[in-house]
C-alpha cells in the first residue's frame, strides 16, 4: 500500500512539474561542424520539443525525419574544407602551443562566419520573431553570445567540451590554476611545482590569446552583424543564466563550480541500448573470445591515415584472436584481414553496450570516452590533438586504459597494448568501478539538463543563481584593490617612518658637523 502511494505521489509531482510551465519558444544555435558535438545535444533538444517547447535549431545537422515542435535552419558546411582543417590540425598541433591556438582560432572564425552569413539565419535576426530562451554552444564564439541581448531572452550555454578557464568566465566560475588542469596541458589535478608552473603558462597563453586575438576578431563580427548593438561584447559574453557542461567529477576531477554551472556528461546516451544491425551482431557473436571496436571519431577519419599507418593497424588486427569492428569511411580496404569488419558508421554507444565487446580502441575524444565510461569498457587510446592527450591521461590514471603514440606506433605495440587490456582483468575492473561512480547521481544527466533549463524559464533567467562577480571588474573580482590597500598602507607608513628616521639622522649628522666646525674655530 505504501509503495502504491509513493508511486502515485511521484506521478503527481511529475505531472505538476510538466504542466506548471507553459510552452516556450527556444532558439538553439550549435555552429560547430563536427557531428559528435551535435549528437551530444540532440536528445536534449528533442526532449525539450517532446515536452511542448517550440525548438528552432541552427546547425549543420537537420533532423532526418520531421519532428513535432522542431524547426531546422541548416548551415551549409563544405565538408572537404572541414576535412582539410582537421588534417592540418593533426600536423600543426604537434608543433607548438601557439600553433594549436591558431588552429582553434581559424576553426572558430570559420564556424562563426558560416552561421552569421547564413541567409535564413540573417532573416531570423531581422524578423519580428521573439524567443523565450537562447541555447547556444559555447566555444570561444563570443559574437554569437549577442543573441540573448538581441532577442531580449535569457541564455543557456552548452559546452560539449566541458569547461576551461575561458568558458568559466562566462558565469564567473573560478579555475584554481594550482589544481585545475588546462585542457591543452599534460598534467592531472595533483601537480608538483614544475607541473603547476607549466599549467600556469598554459592557462596564461589560453587567456591572453583569447582576449588579445579571438575577442577582437569576434568584436568586429559583433559590430558588423549586430549593427543595433549597444552593449560591449565583454559584458554580453558574461550574460549567461546557465552553463551545461559535458563533464563529471567521477571521470574528470572534483573542482569548484558556481550554482549555474551544471555537469551533465552522458545526457546524449540512451539508457536503453537499441538493437544493432544483424550483420554486426553476427560478426560480434562469431568471435568466441569477444570482439573489439576501433574508431577515431567523427572528425579524424581512418581513411585519411597514411598507407604505412593503415598497414601497421591491419597487421596488428590480423594477429589478434578476436574480431574487430573498424569505423572506416570508405567501402573497401585493400588487404583487410578476415577478422576485421569495416563500415563507415556504427551505432557506437549500442556497440559498446554489447556484452561481448570487450575493448574500445579510440582516439580518446571526450564523447567517445564518456560512452566508454558509461558502458564500463576499458580502452586503448591514441590521442590525436587538443584535449585528447589529457583525457587519455585521465583514463590511464584511473586504471582502465593504455595509451599509444598516434604519430609513431608499430603493429607490435598496438597488438601488445590490446592484448594487455584484454587479458589483464584489472582494466575491466577499473572500468566497471569508474562506470558505477559515473552512474551514481541523484538525477540522470538528461533529466538534470531538462530540469535546469526549465528552471531558467520558470524563473525568468534565474538571476538568483548568478554570483556577484558579474558586477565586478577584474581588479575588484581578484581583490587587487583591497590587497593594494591592505599591504599598501603599512608599506606607506614604513616608508614615511623610514624617511622620518633618515631626515632625523641627517639632521643629527649636520648638527654634529656644525658643532665640530664651531669647536675648531674656537
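Rule-based calculations on the coordinates, nothing more; no lab input. Because the structure is a prediction, the values reported are computed rather than measured. All Cβ positions, glycine included, derive from the backbone under ideal geometry; neighbour counts span all protein chains shown.
Brief remarks follow.
- Shape summary: region 329-398 maps onto an equivalent ellipsoid whose semi-axes, from the alpha-carbon gyration tensor, are 23, 16, 11 Å in decreasing order.
- Acute angle (nearest 10 degrees) that the helix 425-439 long axis makes with the longest principal axis of the chain, alpha-carbon atoms: 70
- Packing rank of 115-126, 284-295, 483-494, where each peptide gets the mean count of other beta carbons within 10 Å, highest leading: 284-295, 115-126, 483-494
- Residues listed by number, region 100-140, amide nitrogen under 14 Å from residue 213 label point at 7 Å toward C-beta: 100-110
- R0 of 35 Å, Cβ-Cβ distance residue 311-residue 396: FRET efficiency to nearest 0.05: 0.85
- Each label was represented as a point 7 Å from its Cα along the Cα-to-Cβ direction; for residue 413 and residue 343 these points are 3.1 nm apart.
- Considering helices alone, the calculated mean residue ellipticity of the chain at 222 nm is -15000 deg cm²/dmol, with DSSP H runs of length four and up weighted by -39500 (n - 2.57) and normalised per residue.
- Averaging the Cα positions of each part gives two centres, and for region 158-220 and region 117-142 these lie 27 Å apart.
- Compared with the dominant Cα axis of the chain, that is its longest principal axis, helix 215-225 is turned about 70°.
- Stokes-Einstein diffusion coefficient of region 162-215, Kirkwood radius over Cα pairs, 4 °C, 1.567 mPa s, in µm²/s: 114
- Protection-proxy order for peptides 454-463, 349-358, each taking the mean of Cβ atoms within 10 Å per residue, highest first: 349-358, 454-463
- Residue order for 369, 498, fewest other beta carbons within 10 angstrom first, comes to 498, 369.
- Mean projected area (nm²) of the alpha-carbon convex hull when the chain is viewed from all directions: 36.8
- Region 408-492: C-alpha gyration tensor shape, a/c 1.5 cut-off, then a/b vs b/c: oblate
- Gained length - residue 232 relative to residue 489, 0.36 nm times residue gap less alpha-carbon distance: 89.0 nm
- Its relative contact order, with pairs defined as Cα atoms under 8 Å and 6+ residues apart, puts region 278-439 at 22 percent.
- Packing rank of 53-59, 394-400, where each peptide gets the mean count of other beta carbons within 10 Å, highest leading: 53-59, 394-400
- Reciprocal mean inverse distance between Cα atoms of region 278-439 - Kirkwood radius, Å: 15.5
- Residue 477 paired with residue 497, simple spin-label distance in nm, labels 7 Å along Cα-to-beta-carbon: 3.7
- In degrees, nearest ten, helix 79-92 long axis to first principal axis of the chain (Cα): 60
- The stretch between residue 458 and residue 152, if pulled fully straight at 0.36 nm per residue, gains 108.6 nm over its current Cα-Cα span.
- Calculated on the alpha-carbon coordinates, the convex hull of region 191-271 measures out at 159 cubic angstrom per residue.
- Rounded Å value of the spacing that divides the Cα centres of region 291-307 and region 360-403: 15
- Computed extension gain for residue 179 through residue 506, at 0.36 nm per residue and net of the alpha carbon distance, reaches 112.5 nm.
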